[in-house]
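Novice: Let me give you the structure first, and then I'll get to my questions.
The values are calculated or read from the model by the stated rules, or taken from the named source; none is laboratory data. Every value quoted in this text rests on a predicted model; they were computed, and no experiment measured them. Methodologically, a virtual Cβ is constructed for each residue, glycine included, from the backbone with ideal geometry; neighbour enumeration extends over all protein chains shown. Only protein heavy atoms, including side chains, enter the accessible area calculation; ligands, DNA and RNA are left aside. Shrake-Rupley method; radii C 1.70, N 1.55, O 1.52, S 1.80 Å.
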Amino acid sequence: LLVLTEAEREKAKRYIAGLPESNTILHLDFHTENVLVDGSDCVTIDWLTAVRGFPEVEVGVMDYLFHYGLLFPGASKIQLAFYTAVRSFVYKGYLKRYLKVTDLDLANVRKWKLLSLIVRRRVWAHEFEKPTLTEQMKALLAEINI
């Protein structure tokens with residue numbers, strides 16, 4: 001990531017290398033538009049960004065997506081306020097359900113936040129998201145003592 005200084009890149013590499021590995025399948029774009037429901041049957045679609053890793057990375061990516069991700073370009077302030085409220089409601093439901101069906105410890109999500117931001121920025125961030133992602137990565141790196 002050339003948006004980081006050499007020292008920040010090295011620090012990020014050391015930090016990520018110290019995280020454990022996992023073979024859990026992560027979707028990384030798991031939201032309501034990627035789940036098709038027909039009666040009692042559900043199918044998850046759009047697996048183009050799937051990787052293996054810890055579920056905390058999935059939650060970190062979804063946290064970013066539901067709080068900072070692109071809404072609707074050209075929407076009015078009133079529309080954006082409405083969509084933001086709905087998105088917040090959906091995220092709370094998503095997180096509540098995710099925590100209920102997994103053994104995920106929400107306290108661990110912060111440990112994986114840096115990797116979540118890097119994945120989002122590298123894989124499919126919209127141009128307007130990149131400055132926010134970079135700012136958040138730099139802030140996390142400044143907190144890390146390695």
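Novice: Order these peptides, 68-77, 90-99, 114-123, 53-62, by their mean beta-carbon neighbour count within 10 angstrom, highest first. Kindly include the intermediate steps, with their values, before the conclusion.
Specialist: Details: 68-77: 10.5, 90-99: 13.4, 114-123: 20.9, 53-62: 23.4.
Packing order, densest peptide first, comes out as 53-62, 114-123, 90-99, 68-77.
Novice: How many Å² of accessible area per residue for the chain, probe 1.4 Å? Spell out each step's value before the answer.
Specialist: Details: 9200 Å² over 146 residues.
Averaged over the residues of the chain, the accessible area is 63 Å².
Novice: Can you work out the Karplus-derived ³J(HN,Hα) for every residue in segment 49-63? Use 6.51 cos²θ - 1.76 cosθ + 1.60 with θ = phi - 60°, whole Hz, and x for glycine or proline.
Specialist: 9, 5, 9, 10, x, 8, x, 4, 5, 4, 5, x, 5, 5, 4
Novice: List, in order, the whole-Hz ³J(HN,Hα) value for each residue of segment 83-97 obtained from phi through the Karplus relation with A = 6.51, B = -1.76, C = 1.60 and θ = phi - 60°; use x for Gly and Pro.
Specialist: Going residue by residue, I get 4, 5, 5, 5, 4, 5, 4, 5, 4, 4, x, 4, 5, 4, 5 Hz, with x marking Gly and Pro.
Novice: Shape of the chain from its Cα gyration tensor (a ≥ b ≥ c, root eigenvalues): rounded if a/c is under 1.5, otherwise prolate when a/b > b/c, or oblate?
Specialist: Since a/c reaches 1.5 but b/c is at least a/b, the shape of the chain is classed as oblate.
Novice: Another question, then. Holding the Cα-Cα limit at 21 Å, pick out from Lys11/Lys92; Lys13/Lys92; Lys13/Lys96; Lys96/Lys138; Lys11/Lys111; Lys113/Lys138 the pairs that are longer than that. List each step's numbers first, then the result.
Specialist: Working: Lys11/Lys92 32 Å; Lys13/Lys92 31 Å; Lys13/Lys96 32 Å; Lys96/Lys138 29 Å; Lys11/Lys111 14 Å; Lys113/Lys138 12 Å.
Too far apart for the 21 Å limit: Lys11/Lys92; Lys13/Lys92; Lys13/Lys96; Lys96/Lys138.
Novice: Once Lys and Arg get +1 and Asp and Glu get -1 on their Cβ, which of Asn34, Ile146, Leu80 lies farthest toward the positive end of the dipole of the chain?
Specialist: Of the options given, the answer is Ile146.
Novice: Rounded to the nearest 500 deg cm²/dmol, what is the calculated helix-only ellipticity per residue at 222 nm for the chain, with -39500 (n - 2.57) per DSSP H run of length n ≥ 4?
Specialist: Helices in the chain give a 222 nm mean residue ellipticity of -18000 deg cm²/dmol.
Novice: Taking θ as phi - 60°, what are the ³J(HN,Hα) couplings along segment 13-20 by the Karplus curve (6.51, -1.76, 1.60), each to the nearest whole Hz, with x for Gly and Pro?
Specialist: 4, 5, 5, 5, 4, x, 7, x
Novice: Quick one: helix 130-143 against the long Cα principal axis of the chain, what's the angle to the nearest 10°, folded into 0 to 90?
Specialist: In the chain, helix 130-143 runs at an angle near 50 degrees to the longest axis.
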